[in-house]
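The next block holds one structure in the form of structure tokens; read it before the comments.
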Amino acid sequence: SLHLISAGPSSRWNSSLNTIAGFYGVKGKLLQRQYKDHLSEFNSWEQKSHANNWLLFPENMGKYLSIDETAFTNGELYTIVTNKAAKGKKGALIAMVKGTKAENVIRILLKIPIGKRNKVKEVTLDMAGNMGLIVKKSFPRASKVIDRFHVQKLATEAIQEIRIKHRWEAIDKENDAIEYTRKKGILYVPKILDNGDTLKQLLARSRYLLFKNPRKWTQSQNQRAEMLFQIYPDLKKAYDLSQNLSWIFENTKDKTVGLSRLARWYEKVRQSGFKSFNSIVRTMSIHYQNILNYFDNRSTNASAESFNAKIKAFRAQFRGVRNIPFFLFRLSNIFA
């Protein structure tokens, strides 16, 4: 029963161990130590000697993989390779390597037999150069697919950059007005818009609606967006560019059509004059082939992001990670 408890969430693990310990008149923390040191098979775990630096489970290899990075504690990054077919459950974890340095990750992945590595057809990843190099050297026959959500994230960040610029301008204008009225001995009264926001509040409260499709706006968000775009037409233009990019990824199933639609989108960006969007176009042009590979199977890195979220939730239940090897031992029991 202790083995089953240890595989569950940390909160259940702690409360269940404390309950069991209470039946036998021992302290919960003592039982936890006894379990870790003697009952859990942690000390005889074959990967314990190198768990701090890497874990490897070649038996979990599949044809469609994801690669991403996550942080455990104190911002310490680990590179994680997962099998999409396992859907974030047992058998999902293939490799976990401390750090993001390409040569270190490649060295560990090359321990997997070449026959298994050559069967990999596709790997989804982000636009980081180290990830591309890892896939190229470790899975030479695999197609690299850059996650569409990483591309779209660049566009939404560009919109937020414009919004934030306008917000700082609004804050400066309000501060100037407050200082002016104080000198004149007048009470400052900010202008209130029709929806009850001040200009500064309108820009602050519009943050989330700019991430969403208009169909998902609430009534108040619709009203706020209408006012925002009327006052700041450049935000409307940037938002339309971002939504158009999302539409391309959502409604295109052919690589040739995708290339044509992205080319037209590039031209709209060029005409817009937005520096941040032009930077996105340059980035996409560098990675265009791997971005276009998305339209073959419409694969994303969502499984890797979901896996990372599970690890972070698992870590949060521990209230941090004090013993990394034991944390990884429990993690491997669940996902490897």
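State, as an integer percentage, the relative contact order of the range 198-321 based on alpha-carbon contacts under 8 Å between residues 6 or more apart. Walk me through the intermediate numbers first.
Numbers: 51 pairs, mean separation 22.8, N = 124.
Relative contact order, the range 198-321: 18 percent.
Please tell me the relative contact order of the range 109-210 in percent, rounded to the nearest whole number, where contacts are Cα pairs under 8 Å and at least six residues apart.
On the way: 71 pairs, mean separation 21.7, N = 102.
Relative contact order of the range 109-210: 21 percent.
With the other protein chains left in place, how much accessible area per residue, in square angstrom, belongs to the range 95-183 at a 1.4 angstrom probe?
Details: 4610 Å² over 89 residues.
Value for the range 95-183: 52 Å² per residue.
Kindly rank 244-256, 87-99 from highest to lowest mean number of other beta carbons found within 10 Å of each residue.
Numbers: 244-256: 14.7, 87-99: 20.2.
Those peptides, ordered most packed to least, come out 87-99, 244-256.
For the range 43-199, just say rounded, prolate or oblate: build the C-alpha gyration tensor, square-root its eigenvalues into a ≥ b ≥ c, call rounded for a/c under 1.5, and beyond that prolate if a/b exceeds b/c, oblate if not.
Values: a/c = 3.79, a/b = 2.82, b/c = 1.34.
It is prolate, given that a/c is not under 1.5 and a/b is the larger ratio.
Quick check: net charge around LEU109, other residues with Cβ under 10 Å of its Cβ, Lys/Arg +1 and Asp/Glu -1?
On the way: positive: ARG107, LYS111, ARG117, LYS137; negative: none.
Local charge sum for LEU109: +4.
Leaving out ligands, DNA and RNA, and with a 1.4 Å probe, what % of the accessible surface on the range 203-336 is carbon or sulfur? Write down the numbers at each step before the final one.
Numbers: 3550 of 7160 Å².
Using a 1.4 Å probe with all protein chains present, the range 203-336 comes out at 50 percent carbon and sulfur.
Suppose we keep just the alpha-carbon trace of the range 160-311; what are its Rg and Dmax in angstrom?
Cα only, the range 160-311: 20.1, 67 Å (Rg, Dmax).
Distance from the Cα centre of the range 118-164 to that of the range 269-297, in angstrom?
If we compute the Cα centre of each part, the gap is 12 Å.
Give the cross-link partners of LYS101 among the lysines, using a straight C-alpha distance below 19 Å as the criterion and excluding same-chain residues fewer than 8 apart.
LYS111, LYS136, LYS137, LYS144
Whole number in Å², please: accessible area per residue of the range 198-307, 1.4 Å probe, ligands, DNA and RNA not counted. Kindly include the intermediate steps, with their values, before the conclusion.
Working: 6050 Å² over 110 residues.
The answer is 55 Å² per residue.
Tally up the carbon and sulfur contribution to the accessible surface of the range 71-130 as a whole percent, 1.4 Å probe, everything protein left in place. Let's see the in-between values first.
Details: 1410 of 2640 Å².
After summing per-atom areas, the C and S share lands at 53 percent.
Classify the range 80-160: rounded, prolate or oblate, from the alpha-carbon gyration tensor (a ≥ b ≥ c, eigenvalue square roots; a/c under 1.5 rounded; otherwise prolate if a/b is larger than b/c)? Walk me through the intermediate numbers first.
Working: a/c = 1.90, a/b = 1.62, b/c = 1.18.
Prolate, because a/c is 1.5 or more and a/b exceeds b/c.
How large is ³J(HN,Hα) for each residue in the range 48-59, as worked out from phi by the Karplus curve 6.51 cos²θ - 1.76 cosθ + 1.60 (θ = phi - 60°), to whole Hz, x for Gly and Pro?
Here the 3J(HN,Hα) series is 4, 4, 10, 4, 4, 10, 6, 10, 8, 9, x, 5 Hz.
Over the range 193-251, what portion of Cα pair distances is larger than 14 Å, expressed as a whole percent? Present the calculation step by step, with values, prior to reporting the outcome.
Working: 929 of 1711 pairs.
Of the Cα pairs, 54 percent sit more than 14 Å apart.
Residues in the range 251-271 near a label at ASN213, defined as backbone nitrogen under 11 Å from the 7 Å Cα→Cβ point?
Hits in the range 251-271 for ASN213 at 11 Å: 251.
The values are calculated or read from the model by the stated rules, or taken from the named source; none is laboratory data. What you see is a predicted model; the values in this text were computed from it and never measured. Positions of Cβ are generated from backbone atoms using ideal geometry, with glycine treated the same way; all protein chains shown enter the neighbour counts. Only protein heavy atoms, including side chains, enter the accessible area calculation; ligands, DNA and RNA are left aside. Shrake-Rupley method; radii C 1.70, N 1.55, O 1.52, S 1.80 Å.
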